Amino acid sequence: MSAHDPGLWADHLRSVAGRSAGADDETWRPCRAFAAWRRKLTSESDVGDVTGIDERLWLGLAQGKAAHTLEEVLSSSEDDSVAPLVRFDESVALEVWTERELSGLHALDRVSRSLGSDAGRRRALGCARWHVANTQPDNATNRPWATHVFLRLWRLEDLPEARLYAETLLHNCQALLGAPDPLSAEILLDSAEALQEEASGERSP
């Protein structure tokens, strides 16, 4: 697909997600804060312990209380800083850190759109630029977090490496089973919704 049209990409991601077997209760176990957003759960008791910046952003988004966490992200750097959300800690496995970074990037973009925060969206694009330059998209668990953010970076800055990053995320989540696992499918559907909102000029609810 060569078009930059976010609506076309939204259709494509939904089509890929549709190959999955579908979500069940076990689907959400690895990322219960993301589940809170997708399943519209608002109680912290539904999520359990929330620690990383990604989980706090997802839970805040689900509860409509993400402004404080967004401010925390923005206060840690310039809003257009080309930098990760959280500095790499060598005591954490690279794969774990990368997944939390990309999940956090995905959540940051969704929070920023829901709040109408241009500063948040600039910070998300700066984080995406950093990851394109510094991390491999398979340095995680083959989940396609933030695919829509990398596609937007490609569209806005005509950066082909960002499109390749997004396409690699999309490919990797299908490599094992020939289709996305159920959690990856939900991530793709969320990215598709973000792209569709972008195409129609809407804000997240």
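Of note:
- Viscosity 1.306 mPa s, 10 °C: Kirkwood-radius Stokes-Einstein D of the range 68-126 over Cα pairs, µm²/s: 136
- Share of carbon and sulfur in the accessible heavy-atom surface of the chain [1.4 Å probe, %]: 48
- Note that the range 144-205, at 10 °C in a medium of 1.306 mPa s, gets a Stokes-Einstein diffusion coefficient of 131 µm²/s from its Kirkwood radius over C-alpha pairs.
- Average 1/r across all pairs of distinct alpha carbons in the range 112-167, invert it, and you get the Kirkwood radius: 11.5 Å.
- Principal axis analysis of the Cα atoms in the range 36-109 yields extents of 32, 27, 16 Å, listed in decreasing size.
- The range 90-205 - convex hull of alpha carbons, volume per residue in Å³: 105
- For the range 55-205: relative contact order, % (alpha-carbon pairs under 8 angstrom, 6 or more apart): 22
- Highest mobility in the GNM of the chain, judged by mean-square fluctuation with C-alpha springs under 10 Å and restricted to R56, R129, R29, is found for R29.
- Each 10 Å bin from 0 upward holds the following percent of the Cα-Cα pairs of the range 43-159: 14, 48, 33, 5, 0.
- Selected from H171, H106, H148 as most flexible by GNM, with the chain as the system and alpha-carbon contacts under 10 Å: H171
- Loop-located trypsin sites (Lys or Arg not before Pro) in the range 155-205 (DSSP state other than H, G, I, E, B) with a sparse environment of at most 15 neighbouring Cβ atoms within 10 Å: R203.
- Relative counts (whole %) of C-alpha pair distances in the chain, using bins that are 10 Å wide: 9, 38, 41, 11, 0
The values are calculated or read from the model by the stated rules, or taken from the named source; none is laboratory data. Predicted model only: the values in this text are computed from it and were never measured. Backbone-built Cβ (ideal geometry, glycine too); neighbour counts: all protein chains shown. What goes into the accessible areas is simple: the full protein's heavy atoms, side chains included, and nothing from ligands, DNA or RNA. Shrake-Rupley method; radii C 1.70, N 1.55, O 1.52, S 1.80 Å.
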